[in-house]
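Undergrad: Have a look at this one before I ask anything.
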Amino acid sequence: MAAKESILNKIQILIANHFETLEDTFSFFDADSDGKLKKSEIEKLLRQAEISGLIRSLGGSKLIDGYDKSGDELIDWSEFKAAFEKINEA
C-alpha cells in the first residue's frame, strides 16, 4: 500500500474513533474556519492520527500534492472528501 493510502487509512481510524462524520473531522481541523486546510492544519490532523513526525511533514505535503485539484496548496472540503472516496473504492 502506498504511503498516501496508509496515511488516509490512519486518518479513517481517527475519524471512526473520534468524529461522527468526515465533515465533522474537516471542520474540527479547519482551525480558522476558512473552508480549507493549510499544511499546518493537515499536520495537526496527522499528529492526532498518530503519524510520526517525519512522515507527518512529508504526508502533509503528499496529501496536498495528491489531492489539491485547484492548485492553491490547500485542501478544501471537496478535495478532502474526494481523497477519502478514492481510498474507499480501493
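What follows is calculated from the coordinates using simple rules that are stated; it is not laboratory data. On a predicted model such as this, the values are computed, not experimentally measured, just so you know. Neighbour counts run over all protein chains shown; Cβ positions are idealised from the backbone, glycine included.
Undergrad: Rounding to the nearest 20 debye, state how big the charge dipole of region 3-89 is about its Cα centre with +1 on each Lys and Arg Cβ and -1 on each Asp and Glu Cβ.
TA: Dipole of region 3-89, to the nearest 20 debye: 380 debye.
Undergrad: In the chain, how does Rg compare with the Kirkwood Rh, expressed as the Rg/Rh ratio over alpha carbon atoms?
TA: A ratio of 0.91.
Undergrad: While we're here: Springs between alpha-carbon atoms under 10 Å, Gaussian network over the chain: tell me which of GLY59, GLY35, GLY71 tops the mean-square fluctuations.
TA: Taking springs between Cα atoms under 10 Å, the residue moving most is GLY71.
Undergrad: For the chain, what does the helix formula give at 222 nm: sum of -39500 (n - 2.57) over DSSP H segments with n ≥ 4, over the residue count, nearest 500 deg cm²/dmol?
TA: Working: 5 runs with 62 residues, N = 90.
The per-residue figure over the chain is -21500 deg cm²/dmol.
Undergrad: Take the alpha carbon atoms of region 59-76, find their center, do the same for region 28-49, and report the distance between the two centers in whole angstrom.
TA: Here the two parts' Cα centres lie 12 Å apart.
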